[in-house]
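See below for the structure under consideration.
The values are calculated or read from the model by the stated rules, or taken from the named source; none is laboratory data. Everything numeric in this text was worked out from a predicted model, so none of it was measured. Don't worry about glycine lacking a Cβ; one is built from the backbone with ideal geometry, like all the others, and counts go over all protein chains shown. SASA here: full protein model, heavy atoms, side chains in, ligands and nucleic acids out. Shrake-Rupley method; radii C 1.70, N 1.55, O 1.52, S 1.80 Å.
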Amino acid sequence: MTDQFEPTIIGFTCNWCSYRASDLAGTARMKYAPNVRLIRLMCSGRLDPTFVLRALSEGADGVMITGCHPGECHYIEQNYKALRRFLLLRRVLTGLGIEPGRVKLVWASAAEGARFASETTTFVEEIRKLGPLNWGKDDDGPQTADDGKSSIVHGQEMEVPA
């Protein structure tokens, strides 16, 4: 049994190209890392950057965004919008002290199952090298004082509504 870190990756995939590429990879029995949980969107341009931040804050170690190649978008130019948002996200992550390499943008057409499998495996290895993200896991929990009595040092008590 190994103690190797297994990252959790959320993959936001375009319905028309990259989701079909992942489907092609599966039906062609191409092997790729099973660490990715795919979420299908109608278009990569539909991806709100807050979805990525939420995925990372709720336990994902990396996020892979995939869409149609530039110029081949079913919605004309929405993948350019995805590219702009991706670049903005990387700057925001850097500002938050998170490695920008935890978010990756991949263009894969429906016929590129092998590319999808290869990029997924490569990304899992990159995240494995970065280690677990642990965003928000170590600074939100209540801490006890040294005298042994349980008290909240950091954090706020919450009032439970009736």
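Which of the residues that make up region 58-76 are of a type in the set (D, E, K, R) and open to solvent by 80 Å² or more (accessible area, probe 1.4 Å)? If you could, list the steps in order and put the result at the bottom.
Filtering region 58-76 down to residues of a type in the set (D, E, K, R) leaves 58, 61, 72.
Selection gives GLU58, GLU72.
Among the residues of region 93-115, which ones are under 14 Å from ILE9 (Cα atoms) and surrounded by 22 or more Cβ atoms within 10 Å (Cβ to Cβ)?
Residues satisfying the conditions are ARG102, VAL103.
Filter region 31-57 down to the residues that are open to solvent by less than 60 Å² (accessible area, probe 1.4 Å), more than 19 Å from GLU126 (Cβ to Cβ), not in a helix (DSSP H, G or I) and not acidic (Asp, Glu) and list them by number.
Answer for region 31-57, where residues must be open to solvent by less than 60 Å² (accessible area, probe 1.4 Å), more than 19 Å from GLU126 (Cβ to Cβ), not in a helix (DSSP H, G or I) and not acidic (Asp, Glu): LEU41, CYS43, LEU47.
When the residues of region 1-22 are narrowed to those that are closer than 21 Å to ARG102 by Cα and polar (S, T, N, Q), which ends up nearest to the chain's Cα centre (by Cα)?
THR8
What single numbered condition from (1) surrounded by 21 or more Cβ atoms within 10 Å (Cβ to Cβ); (2) farther than 18 Å from ARG40 by Cα fails to hold for ASN79?
(2)
Please count how many residues of region 15-30 are open to solvent by less than 80 Å² (accessible area, probe 1.4 Å), in contact with a strand residue (DSSP E or B) (Cβ under 9 Å, 6 or more places away or on another chain) and either within 27 Å of GLY131 (Cα to Cα) or of a type in the set (D, E, K, R) (or both).
3
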